[in-house]
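This report refers to the structure that appears directly beneath it.
The values are calculated or read from the model by the stated rules, or taken from the named source; none is laboratory data. Note that the structure is predicted; figures quoted are calculated from it, not measured. Here the Cβ is made from the backbone with ideal geometry for all residues, glycine too, and neighbour counts use every protein chain on show. Heavy atoms of the whole protein, side chains included, go into the accessibility calculation; ligands, DNA and RNA do not. Shrake-Rupley method; radii C 1.70, N 1.55, O 1.52, S 1.80 Å.
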Amino acid sequence: MAITATAAGGTRAWADTATWVGGVVPTAADDVLLTVTSGAVTIAASYTAVCRSIDCTGYLSTLTFSATTSLLNVGDASGGALTFVSTMTLTLTAIGTINFVSTSNNGGAGWAITTGGKVLPNVTFNGAGGKWANADAMTCTGATVTLTQGTWDTTTANYAITAGVFSGSGTL
């Protein structure tokens, strides 16, 4: 059963139990909320942060990918949405990667990816049976977008996609 993991105030690492209200680091089955009261959160080098979905609506602080080996896996068998907002700061110290790993297609509509105008790190779509759809333009300047498994709907809403490199073998 999915729970909602909300980040507390302060500046902490994703893996730190003190980062999360209730003291539990999110699992792949948990929906993550970064809210107006949440502090800065860092995904450390060689660490894989996981969540079912991530919603930053109202977030005013900073989410940091601290190294090229910083990973955020978003999705499971029943979720996979990402919502970043213009009021937050996304810091890519050395790029990092967001892996969309859902194995469901949200009733055929695809899981919404909202970037909030943020330049994303490397992005990988790698969920057998998963489907994602852009809810706004996506920019991964200097980064790679890879479609390995699943479907990435880039045409229904016709938003611009900018990436340093695009590699694909799934359905686009």
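Answer with one residue from T48, F100, F84: the one whose Cα lies farthest towards the positive end of the charge dipole of region 1-120, charges on Cβ with Lys, Arg +1 and Asp, Glu -1.
Of the listed residues, the answer is F84.
What does the charge dipole of the chain about its Cα centre add up to, to the nearest 20 debye, if the Cβ of each Lys and Arg holds +1 and the Cβ of each Asp and Glu holds -1?
Dipole about the Cα centre, nearest 20: 160 debye.
Please compute the per residue accessible area over the chain with all protein chains in place, 1.4 Å probe, rounded to a whole number of Å².
On a per-residue basis, the chain sits at 41 Å².
Would you please classify the overall shape of region 46-103 from the alpha carbon gyration tensor, given that a ≥ b ≥ c denote the square roots of the eigenvalues, rounded means a/c under 1.5, and beyond that prolate means a/b larger than b/c while oblate covers the rest?
It is oblate, given that a/c is not under 1.5 and a/b is not larger than b/c.
Where the accessible area of the chain is counted over protein heavy atoms with a 1.4 Å probe, how much of it, in %, is carbon and sulfur?
Carbon and sulfur: 56 percent of the exposed surface of the chain.
Distance from the Cα centre of region 92-116 to that of region 33-79, in angstrom?
One Cα centre to the other: 12 Å.
Need one number: % antiparallel among DSSP beta bridges in the chain, to the nearest 5.
Bridges in the chain are about 5 percent antiparallel.
P(r) for region 101-172, please, calculated from all Cα pair distances in 5 Å bins and given in %.
Going from the shortest bin to the longest, the percentages are 4, 18, 28, 29, 17, 3, 0.
Which entry is the computed Rg/Rh (Cα atoms, Kirkwood Rh) for this structure: (i) 0.97; (ii) 1.02; (iii) 0.94?
(iii)
Check V123: other-chain or 5+ apart residues with amide H under 5 Å from its amide H, H built from backbone geometry?
Amide H neighbours of V123, under 5 Å, 5+ apart: I98, T144, V145, T146.
Using 0.36 nm times the number of residues separating V165 and T148, minus their current alpha carbon distance, what extension gain do you get?
Roughly 4.7 nm would be gained on extension.
Say R0 is 22 Å: what FRET efficiency, to the nearest 0.05, do D16 and T89 get from their beta-carbon distance?
It comes to 0.70.
Can you tell me, using C-alpha contacts under 8 Å and at least 6 residues apart, the relative contact order of region 52-112 as a whole percent?
Over region 52-112, the number comes to 43 percent.
Ordered by packing density, taken as the mean number of other Cβ atoms within 10 Å over each peptide's residues, highest first, how do 121-128, 157-164, 33-40 rank?
121-128, 33-40, 157-164
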